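Colleague: Sharing a structure with you now.
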Amino acid sequence: MRIRLFATLRPLVGGKHAEVPALPGETVRTVLDRLIAQHPRLAGEVLTPDGSALLPHVQVFIGGESIRHKQGLDTVLEQADDMAVFPPVAGG
């Protein structure tokens, strides 16, 4: 699965995207755990230290819809889903 990353997360993975193995039926949590395992610099930037929740201002979108409006980290992925991760961003 190609995961699009934005803002301050891009330098932590070395680009705009990261490729992570994902199978239909797996959860967002599983894929994010793999992403962090592949890119340890993301640890503490997306999930809480114990990995149980997204950090408060991090947004994850699946197919253009926030997982906060679905089942959160337990949202099940379909084969054609795409994922985007947005860190907190400020400015104007």
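Colleague: Looking at (1) of a type in the set (S, T, N, Q); (2) touching a residue at least 60 places away in the same chain (Cβ under 8 Å); (3) buried (at least 17 other Cβ atoms within 10 Å of the Cβ), which one does Thr8 not meet, given that it meets all the others?
Modeller: (3)
Colleague: Still on this structure, I have one more. Please identify the pairs in which a residue from the stretch 37-58 that is in contact (Cβ under 8 Å) with a residue 60 or more places away in the chain has its Cβ atom under 6 Å from the Cβ atom of a residue that is in a loop (DSSP other than H, G, I, E, B), counting only partners at least 6 apart or on another chain.
Modeller: Between residues of the stretch 37-58 that are in contact (Cβ under 8 Å) with a residue 60 or more places away in the chain and residues that are in a loop (DSSP other than H, G, I, E, B), there is no close pair.
Colleague: Quick check on my filter: what residues within the stretch 46-92 are over 13 Å from the mean Cα position of the chain (by Cα), of a type in the set (Asp, Glu) and within 24 Å of Pro11 (Cα to Cα)?
Modeller: Scanning the stretch 46-92 gives a single hit, Asp50.
Colleague: What are the residues in the stretch 28-72 that are of a type outside the set (Ser, Thr, Tyr), part of a loop (DSSP other than H, G, I, E, B) and farther than 18 Å from Ala18 by Cβ, if any?
Modeller: Correct list: Pro49, Asp50, Ala53, Pro56, His57, Gly64, Lys70, Gln71.
Colleague: Taking the residues in the stretch 1-15 that are touching a helix residue (DSSP H, G or I) at 6+ places or on another chain (Cβ under 8 Å) and outside any helix (DSSP H, G or I) as candidates, determine which candidate is modelled with the lowest pLDDT.
Modeller: Met1
Colleague: Can you name the residue in the stretch 11-40 that is surrounded by 12 or more Cβ atoms within 10 Å (Cβ to Cβ) and among the charged types (D, E, K, R) and is also farthest from Ala53 (Cα to Cα) among such residues?
Modeller: Applying the filter and picking the extreme gives Lys16.
Colleague: Residues in the stretch 41-60 that are closer than 12 Å to Pro88 by Cα and either surrounded by 12 or more Cβ atoms within 10 Å (Cβ to Cβ) or in contact with a Gly (Cβ under 7 Å, 6 or more places away or on another chain) (or both): how many?
Modeller: Result for the stretch 41-60: 7.
Colleague: Further question: Gly51 passes all but one of (1) at pLDDT below 95; (2) on the phi < 0 side of the Ramachandran plot; which number fails?
Modeller: (2) is the only condition that Gly51 fails.
Colleague: Follow-up question, since we're still on this one. Of Val85, Val13, Val31, which residue is touching a residue at least 24 places away in the same chain (Cβ under 8 Å), out of contact with any Lys or Arg (no Cβ under 8 Å at 6 or more places or on another chain) and not aromatic (Phe, Trp, Tyr)?
Modeller: Going through Val85, Val13, Val31 in turn, the sole match is Val31.
The values are calculated or read from the model by the stated rules, or taken from the named source; none is laboratory data. What you see is a predicted model; the values in this text were computed from it and never measured. Glycine also receives a Cβ, built like all others from the backbone with ideal geometry; neighbour counts cover every protein chain displayed.
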